[in-house]
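Visitor: I'd like to ask you about the structure that follows.
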Amino acid sequence: MRRMLTPGRLLLVAALLALLALAAFGPLIWDDRAEALDTVALQQGASWSHPFGTDELGRDLFARTLVATRTSLLLAAATAGLGFAFGVALGLLPLLAGPRLRSALATTINLLVAFPGLLLALLVATIVGIGSKGAVIALAVALAPQCARLTQTLAGSVGGSEFVAASRVVGVRWPRLLGRHVLPNIAPPLVLQLAASLSAALLALPALSFLGLGVQPPDYDWGRLLGDGLDRMYVTPMAALGPGIVIVLAGVIFNATGDMLAAALASERPDRGRRRRARRAAAAGPAVATADAGGRDEVAAGASADGGRAAAEPVLRVEQLQVALPDGDGEVVPVRGVSFAIAPGERVGIVGESGSGKSLTALAAAELLDAPAVVTAETVALDGEPVRELPRRRRDALLGRALALVPQDPLSALNPALRIGGQLTEAARAHRGLDREQARAVALERLEEMRIDRPQQRLRQHPHELSGGMRQRAVIAMGMTVEPRLLVADEPTTALDVAVEREVLRALRAANERDGTAVLLISHDVGVVGGFCERVLVMYAGRIVEELPAAEMRERAVHPYTRALLAAVPDMAIDRDRPLATIPGRPPHPREVGAGCAFAARCAHASARCAEARPPLRAHGDPAAGRRVACWHPQEGVTADTAAAPAEEERS
Amino acid sequence: MRRNPWIGFAIRRTLLLLVSLGVLVTATFMTVHLVPGDPVRAALGPSASPQLVAQRKAALHLDESLPAQFGHYVSGLARGDFGESIGARRAVSDILSERLPATARLAALAFAACLLLAVPLGALVAIATRGGRRRGLAAGFSVGTGVLISVPEYLCAAGLVAIFGVTLAWLPIAGADSASAYVLPVAALAAVPLATLARMSRVETLRVLDQEYVRVARSKRLPAVRLHLRHVLPNALTATLTIGGVLFGAMIAGTVIVENVFAWPGLGSTVVDAIVQKDYPVVQAIVLVLGAITLLANLVVDVVLGLLDPRSLIRES
């Protein structure tokens, strides 16, 4: 509301008032001049004494244009008012009619809306006859369908509501119902429609006059002046351009007033300013890319990550990955220096609450983040090659061949306009050099591996013909068609129910075991990650806080956050009389992350040190075990949070 | 097996077309009868002899009952007979066949220019400005198209005449005698729909670029051309073409104005003369033809939509 009176709006109101004043007083002031014949100054061009020139009787066209304001505005107002009244009446009819008549009326309104207004106006003008009256009625009829459809839609939503039904039950009659209940509820959008009709009429009426079907001599409006001027375009161009410019100006003023009205009616919409700020920040984004690259104390990931495995070249190695997003006037850093590695054929999980940065980490590592996100990293090596330093063509070839993505929502992961077959063959054709038939054979094979029935037929279908779980398996099959080294699955089961979730995880497992494709599984579900993966990275507030083998997670997690996450998962042994364990508080917004440990505020073991200094991610225990943790007070002992896990008391 | 969605679509759409045509035929038929007083007397003027008026009335079947007249009208239309012009004493079908080609060429060129320029333009601007990039370009595009949209055809035409016809004298401003004579009328007719369509195309492309399936397609690292043409464009086209159908209708009506500015020898300039001269059969026939073209164009758009996105066959009610 504080922005109600901006300079622009004041200017607009002033212009509108000036226009109205011109309509009211213009004829009184300039009428004599507009009618004065000057036989020595016929058809003159523009000059200081005649800015728009003179007509064939020597009358000053500038004065005539000013005088015509009243006629033009009055006709426009009459047209808009009449059209609006027709439209609202027509739009309310379906509400009053019975069900069968209602749909017939609705069809009629739709037909009228689709029919070009000007043709309708020509028919009506033929019937009513040419002249001001004919033009007003004709254009009013042409404007009415728009109003009718809007009214019908709005009234339909109100008319179907329960208070209207209730009123009818208690015997309130239609006129009262319309006046008291329906119209007040749909008034604001209708007012806007009236404003829109007014500017439409203002611009359309001159068209009829210009065609010779509107205002007839000796009367004149802007359109008439424009039409007369156009005949003499070569001699005195201002005679046509002058009225034309005035029409445009008036149209702009009325349009802008309508917009202002709309903005005022919708002024409480909060997202507008935010969006503008985000845009501003997006422009400023790249300049502040490395705001928080200070934390270099983490143990290099490669050293510890492949601890359990043979020291093969990792399929993915990420060092100091950081993602910044514009926020307000500055930026936030939701991923702050993440380092990890994935060995060939390994199943690695990243787990954390919403907003921990796990999905952004995966998408950034896969080079799939776009502006306004700003990604920086010391290294992102895929299959041993430094992805970010490669020239674009080689980078695309590497990523297209070695990495595939399975996104969160299977319903939106496949292109709705394309057949499954095309989507499942294009990557193999682009990156493996297969022809159409070969790629099709590969796609069929992959669909069969994913246990999709009737794969031949599926290839010819569109995504909407498949169920959700089947679509997600098809997406996995699609990723597998390039025989990637790494499958990045970003919350692949979150949108699915439990039974389908198991199907999808089995499909991922099959891809992993049959082809030796490594899987990076992102999930907020500790249970899913623990069951599927071999190694787990726990993320909190944009950093990895603990890394450990999945098999040891339930028993030997040491970070209080990991332990709290595990404690919050109910199992069959849980005491059902006690409330489910939760982690108190919320994860911090990236904006709020301070100098210390980000989890300190929610941690039962936090000390003063935790608030001041951030614990580095360091090897924990035997370095060969590949465990890392970032905590000043790692908690030893079986399972998780003492307060939350009742089973623990018995065991300890 | 599931039923082919095209069957239901064809039935529904044919019915709608027939109903619409029926309404259009009835409306044009009723025009003459809604004219207050005697239309033939009005057309021929007060000086015409009563015999002549009666004779012309009989020729137009205006002395018969309303249902009988309607029968004549419809059976005539079925035979391609649109009656006879009151003023010119010619078969209206002759006037149509003489005037329709010029209008059809004008509208077809303008619509083609619209689609071929607006859709790629909007899509390219969307791709260039996605994620808040190149804000200058985005702002320029908004302002430019906004200005074009708010200037109605007759003003646009007048402006074009003033600039290119009079001041620069590059292009002819009347008639349809040379290829260069097409430039200004087509431009005047295409300006508003082009700007509207380009905006629509940009908004839709931006929306599609944000979709998960585009991210998945991106993850396949396809060539940029394939990504945008195969994955983005078909999805962005659906809404754009829907608007395009409506715009085509408006464009057909716009020919009436543009033809009058540029003295174009088409139906648009004829219909205005006919209204002024109260030559009702000519007005009837031209409105009927232009309206029918609009309805058919809408049908074509729906079929194209169905080919692009099969879901639209079911979704549309």
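The numbers here are math on the coordinates, done by the rules we state, and not lab data. Remember, predicted model here, so these are calculated numbers, not experimental data. For neighbour counting, all protein chains shown are included, and Cβ atoms are generated from backbone atoms with ideal geometry for every residue, glycine included.
Visitor: As a test of understanding, state the convex hull volume per residue of segment A:2-268 from its alpha carbons, in Å³.
Guide: On the way: hull volume 39.1 nm³, N = 267.
Considering the Cα atoms of segment A:2-268, their hull volume per residue is 146 Å³.
Visitor: Which whole-number percent of Cα pairs in chain A have a distance greater than 36 Å?
Guide: Summing the P(r) of chain A above 36 Å gives 61 percent of all pairs.
Visitor: Moving on. Expressed in nm to one decimal, what extension gain is obtained for the pair A:Glu555 and A:Ala624 from 0.36 nm per residue of sequence separation less their Cα-Cα distance?
Guide: Numbers: separation 69, 0.36 × 69 = 24.84 nm, distance 1.85 nm.
Between A:Glu555 and A:Ala624, full extension yields 23.0 nm more.
Visitor: Return P(r) of segment B:193-251 (all Cα-Cα pairs; 5 Å bins starting at 0; whole %; ordered from short to long distances).
Guide: Answer for segment B:193-251: a P(r) of 4, 19, 26, 20, 13, 10, 5, 2, 1 percent.
Visitor: I've got another one for you. Report, ordered by chain and residue number, the lysines lying within cross-link reach of A:Lys358, taken as a straight Cα distance under 24 Å and ignoring same-chain residues fewer than 8 apart.
Guide: List returned: B:Lys220.
Visitor: Just the Kirkwood number for segment A:186-253, please: inverse of mean 1/r across all distinct Cα pairs, in Å, one decimal.
Guide: Answer for segment A:186-253: a Kirkwood hydrodynamic radius of 12.8 Å.
Visitor: From zero outward in steps of 5 Å, how is the percent of C-alpha pairs of segment A:9-92 spread across the bins?
Guide: Binned Cα distances yield the sequence 3, 14, 16, 16, 14, 13, 9, 6, 4, 3, 1, 0.
Visitor: Identify the residues of segment B:46-67 with backbone N under 19 Å of a label point that sits 7 angstrom from the Cα of B:Ala78 along the Cα-to-Cβ direction, or state none.
Guide: Once the point is set 7 Å along Cα→Cβ of B:Ala78, B:61, B:65-67 turn out to lie under 19 Å by backbone N, inside segment B:46-67.
Visitor: Counting trypsin sites (Lys or Arg not before Pro) as exposed when in a DSSP loop with at most 15 other beta carbons within 10 Å, what is the longest stretch of chain A free of them? Can you show the working numbers first?
Guide: Values: sites that count: A:Arg2, A:Arg3, A:Arg173, A:Arg296, A:Arg309, A:Arg432, A:Arg451, A:Arg576.
In chain A, the maximal stretch lacking such sites is A:4-172.
Visitor: Can you put A:His524, A:His464, A:His431 in order of Cβ neighbours within 10 angstrom, beginning with the fewest? Walk me through the numbers on the way to the answer.
Guide: Details: A:His524 18, A:His464 13, A:His431 22.
Ordered from fewest to most neighbouring Cβ atoms within 10 Å, A:His524, A:His464, A:His431 come out as A:His464, A:His524, A:His431.
Visitor: To continue, here is another question. On full extension of the chain, what length is gained from B:Leu124 through B:Ala263, given 0.36 nm per residue of separation minus the C-alpha to C-alpha distance? Kindly include the intermediate steps, with their values, before the conclusion.
Guide: On the way: separation 139, 0.36 × 139 = 50.04 nm, distance 3.61 nm.
Contour length minus Cα-Cα distance gives 46.4 nm.
Visitor: While we're on this one: Taking the Cβ-Cβ separation of A:Leu96 and A:Glu56 as r and a Förster radius of 41 Å, what is the calculated FRET efficiency to the nearest 0.05?
Guide: Values: r = 54 Å, r/R0 = 1.32.
According to the calculation, E is roughly 0.15.
Visitor: Over the alpha-carbon set of segment A:297-642, work out the extent along each principal axis and list the three values in angstrom, largest first.
Guide: 65, 53, 46
Visitor: Follow-up. Where in chain B are the DSSP H helices whose alpha-carbon span along the long axis reaches 30 Å or more and whose Kyte-Doolittle mean is at least -1.0? Kindly include the intermediate steps, with their values, before the conclusion.
Guide: Working: long enough: B:5-34 (43 Å, 1.48); B:92-129 (52 Å, 1.53); B:183-209 (35 Å, 1.26); B:233-261 (38 Å, 1.41); B:280-308 (42 Å, 2.19).
Those that pass (Cα extent of 30 Å or more, hydropathy at least -1.0) are B:5-34, B:92-129, B:183-209, B:233-261, B:280-308.
Visitor: Which of the trypsin sites (Lys or Arg not before Pro) found in segment B:46-90 are loop residues per DSSP with 11 or fewer other Cβ atoms within 10 Å of their Cβ?
Guide: Details: sites: B:Arg56, B:Lys57, B:Arg79, B:Arg89, B:Arg90; in loops: B:Arg79, B:Arg89, B:Arg90.
In loop regions of segment B:46-90 (DSSP not H, G, I, E or B), the sparsely surrounded trypsin sites (Lys or Arg not before Pro) are B:Arg79, B:Arg89.
Visitor: Any chance you could run the full-extension gain for A:Val498 through A:Ala114? It's 0.36 nm times the residue separation minus the Cα-Cα distance, nm to one decimal.
Guide: Details: separation 384, 0.36 × 384 = 138.24 nm, distance 4.72 nm.
Full extension from A:Val498 to A:Ala114 adds 133.5 nm.
Visitor: Follow-up. Return the long-range amide H neighbours of A:Ser339 (sequence gap of 5 or more, or a different chain), with a cut-off of under 5 Å between placed amide H atoms.
Guide: A:Gln320, A:Leu321, A:Ile544
Visitor: Each residue of segment A:97-110 in turn: what ³J(HN,Hα) in whole Hz from Karplus with 6.51, -1.76, 1.60 and θ = phi - 60°, glycine and Pro shown as x?
Guide: Here the 3J(HN,Hα) series is 7, x, x, 5, 4, 4, 6, 5, 5, 4, 4, 4, 4, 4 Hz.
Visitor: Can you list which of the chymotrypsin sites (Phe, Trp or Tyr not before Pro) found in segment A:162-266 are DSSP loop residues with at most 12 other C-beta atoms within 10 Å? Each step should come with its number before you reach the end.
Guide: On the way: sites: A:Phe163, A:Phe210, A:Tyr220, A:Trp222, A:Tyr234, A:Phe254; in loops: A:Tyr220, A:Tyr234.
The qualifying sites are A:Tyr234.
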